[in-house]
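Presented below is the structure to which this report refers.
The values are calculated or read from the model by the stated rules, or taken from the named source; none is laboratory data. Quick caveat, the model's predicted, so the values are computed rather than measured. Here the Cβ is made from the backbone with ideal geometry for all residues, glycine too, and neighbour counts use every protein chain on show.
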Amino acid sequence: MSSSMPSAMSFMIRPETAADVPARERLLDQAFGKRRHAKTSARLRDGRLPAEGLAFTAVSPSGRVIGSVRLWNIIAGSAGPSLLLGPIAVDGRRRGKGIGAALMEHALNSARVLGHDSVLLVGDAPYYERFGFSRAFTRSLHLPGPVEAERFLGLELTPHALDGAEGLVAASGVLASGAESRKAA
């Protein structure tokens, strides 16, 4: 089992398990509200499973879920296969302690090791730029719904993976079965 432990030993990052789902859903509702499923990014996740090996949970020393991040298979227009990162969330009482950054680094490193070439997301540029995300990679790509252009960002895990990328971003991940579908989003 892969894990990442910060120097303070205050949490551990591990692959998400089925037992994490109820706590993850509460955490995401707390962070984004009940309308989170109406967001454009959700359309690319709906009814699909996260990318293989790219769903992670941060847990406290007692095993409590305190953070979550997942990546999803997509087609980035003419650039082809890519990943969509999100949602990422950290328990409100634990924000500002490096958990979100550790989840990001763990997820991006895992995606790189698994051979993925690029990652897209919708989020706050000032936060995600420190991980290498830029609007420059997504200028000619568009999502299947409304999104503030300055929040649509990309990252190349392989140099030039998003060069000249244009067109519609579409879901491409494995479809979830009935029960899995409800847990996947």
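One residue is enough: does region 68-87 have a residue meeting the conditions under 26 Å from Met12 (Cβ atoms), among the basic types (Lys, Arg) and touching a Lys or Arg at 6+ places or on another chain (Cβ under 9 Å)? Among the residues of region 68-87, at least one is under 26 Å from Met12 (Cβ atoms), among the basic types (Lys, Arg) and touching a Lys or Arg at 6+ places or on another chain (Cβ under 9 Å), which makes the answer yes.
Could you check how many residues of region 51-75 are over 9 Å from the mean Cα position of the chain (by Cα) and touching a residue at least 12 places away in the same chain (Cβ under 8 Å)? Give the steps one after another, and end with the answer.
Taking region 51-75 as the starting set, the residues that turn out to be over 9 Å from the mean Cα position of the chain (by Cα) are 51-53, 56-67, 73-75.
Narrowing further to those that are touching a residue at least 12 places away in the same chain (Cβ under 8 Å): 51-53, 56-61, 64-67, 73-75.
Of the residues in region 51-75, 16 are over 9 Å from the mean Cα position of the chain (by Cα) and touching a residue at least 12 places away in the same chain (Cβ under 8 Å).
When only residues in region 57-70 that are out of contact with any helix residue (DSSP H, G or I) (no Cβ under 6 Å at 6 or more places or on another chain) and part of a strand (DSSP E or B) count, which is surrounded by the most Cβ atoms within 10 Å (Cβ to Cβ)?
Applying the filter and picking the extreme gives Arg70.
Taken over region 11-25, the criterion of being assigned to a strand (DSSP E or B) and of a type in the set (A, V, I, L, M, F, W, C) is satisfied by Met12, Ile13. Selection of region 26-36 for residues being out of contact with any Lys or Arg (no Cβ under 7 Å at 6 or more places or on another chain), surrounded by 14 or more Cβ atoms within 10 Å (Cβ to Cβ) and either touching a residue at least 60 places away in the same chain (Cβ under 8 Å) or not in a helix (DSSP H, G or I) (or both) yields Leu27, Ala31. The helices (runs of 4 or more DSSP H) found wholly in region 79-185 and carrying at least 1 residues that are at pLDDT 95 or above occupy 99-113, 125-128. Identify the residue in region 12-23 that is in contact (Cβ under 8 Å) with a residue 60 or more places away in the chain and either touching a Lys or Arg at 6+ places or on another chain (Cβ under 8 Å) or farther than 17 Å from Ala102 by Cα (or both) and, among all such residues, is surrounded by the fewest Cβ atoms within 10 Å (Cβ to Cβ). Filtering region 12-23 for residues that are in contact (Cβ under 8 Å) with a residue 60 or more places away in the chain and either touching a Lys or Arg at 6+ places or on another chain (Cβ under 8 Å) or farther than 17 Å from Ala102 by Cα (or both), the one surrounded by the fewest Cβ atoms within 10 Å (Cβ to Cβ) comes out as Ala18. Exactly one of these conditions fails for Gly53: (1) under 16 Å from Arg94 (Cα atoms); (2) at pLDDT 95 or above. Give me its number. The number of the failed condition is (1).
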